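Please read the structure below before turning to the comments.
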Amino acid sequence: MKSTQHSSWFKRLWRFLKRLLLILFVVQLLYIVILKWVPPPTTFTMIQNRLAAWRDQQPFRYTWVSYDRISSYAKLAVMAGEDQLFPDHNGFDFKSIEKAWKHNQHSRSLRGASTISQQVARNVFLWQGRNWIRKGIEVYFTFMIEKIWGKRRILEMYLNVAQMGPHIFGIQAAAQTYYHKPASRLTREEAAMIAAVLPNPVRFLVNPPSSFTRWRQQYLLKQMQNLAGDPDIEALIREK
């Protein structure tokens, strides 16, 4: 009798879990589709940062701006610094991943190899941190946004949700805070300076810039010049 009751209980539990998983899958899929056209209401990283800003009595700055109102220099600068193969890959740069993995086996300093697509998947849907569970889920969301959003939307999302300074998110807030102008009017040098802090936007500052930030800005300016003639990159940054 007890065996029958246990079997019935496990069957009900299994049916419940299957329904729950199906509902969660449908909900997240709908959310991905909606975000193809609608800005995300917030992200886990922004929530954490808002709380930190409130605790430190500092302003939190974030303003969404559409793709056609972002300077082409800003689009070029983040690709030059974060993912030069962005228009060409399917969300993953396997050569860079292999190089980072080999480096991390023999070095105390960890090297990342995340593409812009992977960073967007992490910033929009997940939490920050280094663990295999999060990385596995990140792979799924990266695959989905590549298929559903496309490169233009992924780049637009990145430029809007990436942290670009202490309590500063998105290129519009960064342009207004650092240069008192909209993102559409950023110059090549200004865009490169903002992109220079992206590896660590809390440690590396735009104002005042450290010697490393200035060095990285000059490095990005050279990379931007090298990439400017690439037809795939040119088509992407000029797209409306």
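The values are calculated or read from the model by the stated rules, or taken from the named source; none is laboratory data. Since we're looking at a predicted model, the values are computed, not measured. Please note: Cβ atoms are built from the backbone with ideal geometry, for glycine as well, and neighbour counts cover all protein chains shown.
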* **Complete set of residues in the stretch 118-140 that are surrounded by 14 or more Cβ atoms within 10 Å (Cβ to Cβ) and not in a helix (DSSP H, G or I)** => 126, 127
* To do: Pull up the stretch 210-231, narrow it to residues that are without any contact (Cβ under 8 Å) to a residue 60 or more places away in the chain and buried (at least 17 other Cβ atoms within 10 Å of the Cβ), then point me to the one that is farthest from residue 68 (Cα to Cα).
  => 213
* To do: For residue 76, work out the one condition from (1) at pLDDT 95 or above; (2) in a loop (DSSP other than H, G, I, E, B) it doesn't fulfil.
  => (2)
* Hey, among 33, 27, which residue is in contact (Cβ under 8 Å) with a residue 40 or more places away in the chain, part of a helix (DSSP H, G or I) and more than 17 Å from residue 127 (Cβ to Cβ)? -> 33
* Among (1) crowded, with 18+ Cβ neighbours inside 10 Å; (2) modelled with pLDDT under 95, where does residue 175 come up short? -> (2)
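Name the residue, out of 189, 239, 234, that is of a type in the set (D, E, K, R) and either closer than 26 Å to residue 122 by Cβ or surrounded by 20 or more Cβ atoms within 10 Å (Cβ to Cβ) (or both).
Details: 189 fails: either closer than 26 Å to residue 122 by Cβ or surrounded by 20 or more Cβ atoms within 10 Å (Cβ to Cβ) (or both); 234 fails: either closer than 26 Å to residue 122 by Cβ or surrounded by 20 or more Cβ atoms within 10 Å (Cβ to Cβ) (or both).
Answer to the selection: 239.
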